[in-house]
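Visitor: The structure's right below; bear with me while I get my questions together.
The values are calculated or read from the model by the stated rules, or taken from the named source; none is laboratory data. These figures come from a predicted structure and were not determined experimentally. Heads up, the Cβs are rebuilt from the backbone with ideal geometry, glycines too, and the neighbour counts pull from every protein chain shown.
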Amino acid sequence: MSVQRLSLAEARARITAALGEFSSRRRLATVALDQARGRLLDQPVIAGLDLPGMDSSAMDGFALAISSLAGSPRLRLVGESLAGHPFRGRVAAGEAVRIATGALLPDGCDTVVVLERCTLEGQWLEIERDPAVRRGEHIRRRGEAVARGDQVLDAGTRLDFRHLGLLAALGHDEVQVRDRIRVALFSSGDELRAPGRALDPASGFDANRPLLAALLRRRGVELVDGGILADDPGALARAFDSVAERVDLIVTTGGVSLGPKDHLRDALAASAGLDFWRVAMKPGQAMAFGRWRGVALLALPGNPLAALVGALQLVLPALSLLEGGEATPRRVHACLDSAVEGRRGRCDLLLGVCYVDATARCRVRPLARQNSHMLGTLAGANCLIELDEERERAEPGEVVSIQPFGETP
């Protein structure tokens, strides 16, 4: 058991060591393509066919052999090729076929001339010769996007609209993925009430569970909502016992500091399951990691911003480990608009707004009012600014690491 504050890197290393064996026994599932968004691909995908699957036209126009343009100034129109309705014959010298975008290139043709360069009079076609028409113009060649046998997706890819479109184009109607990680989520505190319930002067609404539930669901987990737990050691134990056999990770908020009603750390220690308590970061110092009946448990602080920061720094990396990935948050670099301060010996994580300026440079503006209970400030932020343990201050114009909440600006 650790009683000293761990650095954030040390905390991640302890979690990595504890969860490292899980990926070797991960569960698999085969799901329909329309149910695969957000899931992790289990095996690489090898293309079983070419994309495109045929030589086809990239434009509406006329298909012909380039050699035909060296003879008569006019070509005879002998048919048409439409998407799904190809021209079945062979186009001879001096002939052309009207062709639509995506239609099969007829046998005997090697070039498509766009409509804008053509004049049709009855069955005779005249083509503008200046500039010269080039062989192969406006043709999509078979396999130019993907060739049969290409590896198109890596194992571990988190599937989104881009990957699902590619899989559909390759003919897949289902895909093998890693099963969703199952997470039980609890809030704790006698003062908490579910939103919509009546409040008394000493109570407040539980924001942590909806906040973290949305974050975890966005990550693709299967969530077990454990509700609000009373500040009672027996209630904690019964709640954790009730989920331990059916989840991969337990996440709690509140009850993990040194107050008279903070029982979670002692409950873990009593069950010989406490690995560490307290991490050198702000916000989110008072947090614990351990096991309950063999299941990993991360206990986050009760203040909403501290709970979110703890989830971003340790819970999401833990999910990556459980899925077979690495415990590293996504970072990009940005130029500071104004100074920020931290403290040497801890990692400071501050709310900011990142954006791209007129010179296409990524910048970040720190927000005021960074206290760990201020959800109003969080609603206006789109990233965390990271000052590591070696930095006490960063000046305007300096480049810092940021962790975007969503897509990089």
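Visitor: Can you pull out the residues in the stretch 160-189 that are part of a loop (DSSP other than H, G, I, E, B) and either surrounded by 15 or more Cβ atoms within 10 Å (Cβ to Cβ) or touching a helix residue (DSSP H, G or I) at 6+ places or on another chain (Cβ under 8 Å) (or both)?
Guide: Leu170, His172, Asp173, Asp179, Arg180, Ile181, Gly189
Results for (1) modelled with pLDDT under 95; (2) crowded, with 21+ Cβ neighbours inside 10 Å; (3) under 30 Å from Asp179 (Cα atoms), shown as yes or no for each residue.
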residue	(1), (2), (3)
Asp262	yes, no, no
Gly273	yes, no, yes
Ala280	no, no, no
Gly294	yes, no, yes
Val309	no, yes, yes
Val315	no, yes, yes
Thr328	yes, no, yes
Gly345	yes, no, no
Leu349	no, yes, no
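Visitor: Go through Asp262, Asp225 for me and flag whichever is within 28 Å of Arg26 (Cβ to Cβ) and charged (D, E, K, R).
Guide: Asp225
Visitor: For the stretch 24-71, which positions are part of a helix (DSSP H, G or I) and touching a helix residue (DSSP H, G or I) at 6+ places or on another chain (Cβ under 7 Å)?
Guide: Leu33
Visitor: Could you tell me how many of the residues in the stretch 93-108 are aliphatic (A, V, I, L, M) and in contact with a Lys or Arg (Cβ under 9 Å, 6 or more places away or on another chain)? Break it down into steps so the answer makes sense when it comes.
Guide: Of the residues in the stretch 93-108, the ones aliphatic (A, V, I, L, M) are 93, 96-97, 99-100, 103-105.
Then drop every residue that is not in contact with a Lys or Arg (Cβ under 9 Å, 6 or more places away or on another chain), which leaves 96, 105.
Residues in the stretch 93-108 being aliphatic (A, V, I, L, M) and in contact with a Lys or Arg (Cβ under 9 Å, 6 or more places away or on another chain): 2 in total.
Visitor: Evaluate the following for Ala63: is it in contact with a strand residue (DSSP E or B) (Cβ under 6 Å, 6 or more places away or on another chain) and either over 30 Å from Gly94 (Cα atoms) or without any contact (Cβ under 8 Å) to a residue 12 or more places away in the chain (or both)?
Guide: no
Visitor: Of everything in the stretch 80-90, what is surrounded by fewer than 16 Cβ atoms within 10 Å (Cβ to Cβ) and not in a loop (DSSP other than H, G, I, E, B)? Give them in sequence order.
Guide: Passing the criteria: Leu82, His85, Arg90.
Okay, residues lined up against (1) in contact with a His (Cβ under 6 Å, 6 or more places away or on another chain); (2) aliphatic (A, V, I, L, M); (3) more than 12 Å from Ala184 (Cα to Cα):
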| site | (1), (2), (3) |
| --- | --- |
| Ala235 | no, yes, yes |
| Glu245 | no, no, no |
| Ser257 | no, no, yes |
| Asp275 | no, no, yes |
| Gly294 | no, no, yes |
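Visitor: Identify, please: which residue in the stretch 190-219 is of a type outside the set (A, V, I, L, M) and in a helix (DSSP H, G or I) and is, among those, nearest to the chain's Cα centre (by Cα)?
Guide: Arg218
Visitor: Here's another thing I want to ask about it. If Glu174 passes every condition in (1) touching a strand residue (DSSP E or B) at 6+ places or on another chain (Cβ under 9 Å); (2) closer than 23 Å to Leu298 by Cβ but one, which one does it miss?
Guide: With (1) touching a strand residue (DSSP E or B) at 6+ places or on another chain (Cβ under 9 Å); (2) closer than 23 Å to Leu298 by Cβ applied to Glu174, the lone miss is (2).
Visitor: Right, something else. So is Asp206 buried (at least 16 other Cβ atoms within 10 Å of the Cβ), without any contact (Cβ under 8 Å) to a residue 60 or more places away in the chain and out of contact with any Phe, Trp or Tyr (no Cβ under 6 Å at 6 or more places or on another chain) or not?
Guide: Criteria met by Asp206.
Visitor: Can we say Ala17 is outside any helix (DSSP H, G or I) and either without any contact (Cβ under 8 Å) to a residue 60 or more places away in the chain or closer than 30 Å to Val152 by Cβ (or both)? Walk me through how you get there before you give the answer.
Guide: Details: outside any helix (DSSP H, G or I): no; either without any contact (Cβ under 8 Å) to a residue 60 or more places away in the chain or closer than 30 Å to Val152 by Cβ (or both): yes.
For Ala17, the condition - outside any helix (DSSP H, G or I) and either without any contact (Cβ under 8 Å) to a residue 60 or more places away in the chain or closer than 30 Å to Val152 by Cβ (or both) - is not met.
Visitor: Next question, about the same structure. Could you grab me the full set of residues in the stretch 127-140 that are in contact (Cβ under 8 Å) with a residue 24 or more places away in the chain and surrounded by fewer than 14 Cβ atoms within 10 Å (Cβ to Cβ)? Before the answer, list the steps.
Guide: Within the stretch 127-140, the subset in contact (Cβ under 8 Å) with a residue 24 or more places away in the chain is 127, 129, 133-140.
Of everything in the stretch 127-140, those that are in contact (Cβ under 8 Å) with a residue 24 or more places away in the chain and surrounded by fewer than 14 Cβ atoms within 10 Å (Cβ to Cβ) turn out to be Arg129, Arg134, Arg135, Gly136.
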